Amino acid sequence: MKIMVINGPNLNMLGIREKNIYGTKSYDGICNEIKIKAEEKNHDIDIFQSNIEGEIINLIHKAYFEKYDGIIINPGAYTHYSIAIYDALKSIDIKVIEVHLSNIHQREEFRHKSVTAPACIGQICGFGHYGYILAIDALENYTD
Ligand code: DQA
């Protein structure tokens, strides 16, 4: 499969930001792990990170025009309010899995709602960076 991973705002700060919530592994370390796992499984994987909403939307469009088979997205805080990212995900017919490192349902009430998850097959949260690996498995095994 050709898979695009999109990470939203502040995820480049993993390993530095709120380590008690997001863990100590660096963003680059997590990307390496995802790449190794994907390559073991013979997937083509491209990983992007942006702190800018419009750039995330452009990446979703790129995934469509460049014929990706699946998207794994952690929209960061945009999860909770970006109707524009929801609309972008609804515009394309690519399988999308939403990932969060933390269990957003255990945290502040404003994190309980994801406006983007309804545009996805499903959501994986609370398993730290292992969630991205679970998402690769989910994309492989999903049948509609
Ligand atoms: C997050 C959860 C969001 O609520 C938060 O704004 C993030 C990270 C996660 O991976 O747990 O930036 O998406």
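Modelled with pLDDT of 95 or more and closer than 17 Å to I85 by Cα - does that describe any residue in region 11-21?
Within region 11-21, one or more residues are modelled with pLDDT of 95 or more and closer than 17 Å to I85 by Cα.
Just to be sure, is N7 of a type outside the set (G, A, S) and in contact with a Pro (Cβ under 7 Å, 6 or more places away or on another chain)?
no
Give the residue that is most open to solvent (accessible area, probe 1.4 Å), with candidates limited to residues of region 57-109 that are in a loop (DSSP other than H, G, I, E, B) and within 15 Å of the ligand (Cβ to nearest atom).
Y81
Of everything in region 110-143 that's without any contact (Cβ under 8 Å) to a residue 40 or more places away in the chain and open to solvent by 70 Å² or more (accessible area, probe 1.4 Å), which residue is farthest from the ligand (Cβ to nearest atom)?
T143
Could you please give the count of residues in region 28-44 that are part of a loop (DSSP other than H, G, I, E, B) and open to solvent by less than 60 Å² (accessible area, probe 1.4 Å)?
Matching residues across region 28-44 total 1.
Can you tell me how many residues in region 14-27 are surrounded by 15 or more Cβ atoms within 10 Å (Cβ to Cβ), outside any loop (DSSP other than H, G, I, E, B) and more than 14 Å from the chain's Cα centre (by Cα)?
Summing the residues that are surrounded by 15 or more Cβ atoms within 10 Å (Cβ to Cβ), outside any loop (DSSP other than H, G, I, E, B) and more than 14 Å from the chain's Cα centre (by Cα) in region 14-27 gives 1.
The values are calculated or read from the model by the stated rules, or taken from the named source; none is laboratory data. From a predicted model like this one, the values you see are computed outputs, not experimental measurements. Backbone-built Cβ (ideal geometry, glycine too); neighbour counts: all protein chains shown. Ligands, DNA and RNA are stripped out before the accessible areas are found, and what is left, the full protein with its side chains, is counted by its heavy atoms. Shrake-Rupley method; radii C 1.70, N 1.55, O 1.52, S 1.80 Å.
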